[in-house]
Amino acid sequence: QCQLNGLWRNDQDSLMEISVLRDNGDFQGQYLTRVTLSGGCAQISPLRGAQQQPGEEGWPTFAFTVRWDKFSNATTAFVGQCFVDAGGKETLRTTWLLREAVGSPEDDWKATR
């Protein structure tokens with residue numbers, strides 16, 4: 001069974017720490033993206049989310065948001081699932097959307113990646 005709490009590193013060397021995982025599946029933590037590291041000014045951004053199937057057998061799905069307010073006017077939403085391979089290694093697979101603030105409805109088309 002996957003345990004979301006702990007320290008995770010992605011393929012881009014960003015770090016995510018889930019430090020609080022409640023019985024109801026809600027969690028919180030912090031995210032340190034490699035983007036801030038490359039600029040020489042590392043900033044930790046807060047994250048909050050929830051997992052499905054808390055306390056049950058199986059591989060849980062989850063969702064969380066990261067607020068990049070210390071160095072960007074964007075928010076990212078992640079959705080994913082935790083998997084365990086035959087050797088017991090836990091892996092998170094996610095898809096994300098990043099939304100940046102734009103100045104007008106006409107610029108809405110370029111606000112989401």
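Assorted remarks:
- Contact order for the chain, expressed relative to its length and based on alpha carbon pairs under 8 Å spaced 6+ residues apart, stands at 16 percent.
- For K110, net neighbour charge (Lys/Arg +1, Asp/Glu -1) across residues whose Cβ lies under 15 Å away: -2
- Only DSSP H runs of four or more residues enter the estimate; each adds -39500 (n - 2.57), and after division by the residues of the chain the mean residue ellipticity at 222 nm equals -1000 deg cm²/dmol.
- Under Karplus coefficients 6.51, -1.76 and 1.60, residue-wise ³J(HN,Hα) of the range 87-99 in Hz, glycine/proline x: x, x, 6, 8, 9, 9, 10, 9, 10, 9, 10, 10, 10
- At most 16 other Cβ within 10 Å, DSSP loop - chymotrypsin sites (Phe, Trp or Tyr not before Pro), the range 42-113: F71
- Translational D in µm²/s for the chain (Stokes-Einstein at 4 °C, 1.567 mPa s, Kirkwood Rh from C-alpha pairs): 85 µm²/s
- Separation of the N24 and N5 label points, Cα + 7 Å toward Cβ, nm: 1.7 nm
- Whole-Hz couplings from phi, Karplus 6.51/-1.76/1.60, listed for the range 70-75; x for Gly and Pro: 7, 9, 7, 9, 10, 10
- The heavy atoms of V20 offer some 50 square angstrom of accessible surface to a 1.4 angstrom probe.
- Protein accessible area in the chain, 1.4 Å probe - carbon and sulfur %: 48 percent
- Accessible area expressed per residue, the range 6-110, with surrounding protein chains retained (probe 1.4 Å, Å²): 66 Å²
The values are calculated or read from the model by the stated rules, or taken from the named source; none is laboratory data. Worth saying up front: this structure is predicted, and the values here are computed from it rather than measured. We place every Cβ from the backbone using ideal geometry, glycine too, and count neighbours over all the protein chains shown. All accessible areas refer to the heavy atoms of the entire protein, side chains included, with ligands and DNA or RNA removed. Shrake-Rupley method; radii C 1.70, N 1.55, O 1.52, S 1.80 Å.
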